[in-house]
Structure formats: C-alpha cells, structure tokens
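Have a look at the structure below, then the notes.
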Amino acid sequence: LNELATHAEEVLKEFDEPLLKAVAARWLADAGKFERAMAVNRELLKEDPDDAVLRNEMAWLELMREESDAEAAVEHAQAAARLSGYNSEFALHTLARAHALAGSTAQARAHLLRVIATRDDPRVIDDDWFVMGRIAEEYSLPEVAADCYQRVEKPSPLLADDIWHLAQARLKALQAER
C-alpha cells in the first residue's frame, strides 16, 4: 500500500488533470492516507462542488477517519445522494452509514432499506451489516451490534478503506465497554 501512495503522489506532482487527481486521491485512500486524500478532494471540489462522486468520496473518507465528523459526513453524503438523483447505491449507502454514525437511526434505516430495495440481489452485504450494527448500538443492543459486525467479511486484498476495518474498530469498542 505504501507503493500505491507513492505512485499517487507522483501522479499528483506530474499531472494537473482533475480525473487523474481524483484517481490519485482514491489510491491514497486505499493506502490509508485519508487526510491527504481529503485534501486532494477538497481542492477538486473547489473546481466542481457539484460532483456527486467527489462528495461521496469526502463523506466516505470522513467516516474512515479515526476522529470522524459525523455532521460533515452527513453533509457530503446528502449532497452526493441529491446530486446523483438518489439513484446511486454507493451514495445512498454512504448516506446510511453517515446517518448511523451521527445517531440518526431512522434516516440510516430508511436509506439502508432503499439501497437494499434497489438492488437486483436483495441479500445483505458487508456494508449493510455495518449500518445495521451501528443502528443496533444506538438502540443499546451491543450483542446484536457485535453479531452484525462479525458478519462483515475480511476482503482480499484488504485495503485501508475497507468497511471491514470499521467493523473491527466497532467490535473492539464494544469489547472495551464490557
């Protein structure tokens, strides 16, 4: 992952093309360089504040940060969902996660159900389990939350911004509370 971050920095130094910068920011996020990826995306948003993909990236990166700002995540995620016409599974899922982080369980649940309903395959996936775990935590159901988080499978290859990391962090926090 360090090589990926190094390559991303090289691209950022060599090219001034917004699309390449966005790809480099994604690579930085994959490598766990969340603050740097956010900085690149902030600059790109100055040029195009109505880019739904960038707004979704900013929300997701905010959710991945250790000291997440739930309000900022919700703001970016709402913009991404609105700009995508509320038709993007990625934007709706990020919005559900952001609301779950903010403790807005009704909104998190509503967006999660909307995402599941729009899929061709309605089976629950890792991102769904994570949102359900956060909702369970808000309802003071730590055992249910832990069960949901444990269902999030470790992907291969494992990137720094995979939902699995968030699930593991929540499991650790739940164990510490016992």
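Let's see if you can work this out: charge +1 on each Lys and Arg Cβ, -1 on each Asp and Glu Cβ, no other charges. What is the dipole magnitude of region 84-171 about its Cα centre, in debye to the nearest 20? Could you put the intermediate results ahead of the total?
Values: 9 positive and 13 negative charges, 36 e Å.
Approximately 180 debye in magnitude.
Note the angle between two axes, namely the Cα long axis of helix 18-30 and the longest principal axis of the Cα atoms of the chain, as a number of degrees from 0 to 90, rounded to the nearest 10.
So the inclination is approximately 40 degrees.
For each pair in Lys13/Lys172; Lys13/Lys154; Lys21/Lys154, compute the distance between the two Cα atoms and list the pairs where it is over 31 Å.
Those over the limit are Lys13/Lys172; Lys13/Lys154.
As a check on your grasp of the helix formula, calculate [θ] at 222 nm for the chain: sum -39500 (n - 2.57) over DSSP H runs of n ≥ 4, divide by the residue count, round to the nearest 500.
The helix contribution divided over the chain gives -23500 deg cm²/dmol.
Which distance in Å, rounded to a whole number, links the C-alpha centroids of region 22-57 and region 74-103?
Centre-to-centre (Cα) distance: 16 Å.
Please list the equivalent ellipsoid semi-axes of region 1-78, computed as the square roots of five times the alpha-carbon gyration tensor eigenvalues, in descending order and whole angstrom. Intermediate values should be presented prior to the final figure.
Working: eigenvalues 82, 48, 12 Å².
In descending order the semi-axes read 20, 16, 8 Å.
Using Cα springs under 10 Å in a Gaussian network model of the chain, which residue among Gly133, Gly85, Gly32 shows the largest mean-square fluctuation?
Gly85
In degrees between 0 and 90, to the nearest 10, how far off the longest principal axis of the chain does helix 126-138 point, with axes built from Cα atoms?
60 degrees
Answer with one residue from Ala72, Trp60, Thr105: the one whose Cα lies farthest towards the positive end of the charge dipole of region 1-106, charges on Cβ with Lys, Arg +1 and Asp, Glu -1.
Result: Thr105.
Where a number appears in this text, it was derived from the coordinates with a stated rule and is not lab data. Not measured: the values here are computed from a predicted model. Virtual Cβ from ideal backbone geometry, glycine too; neighbours counted across all protein chains shown.
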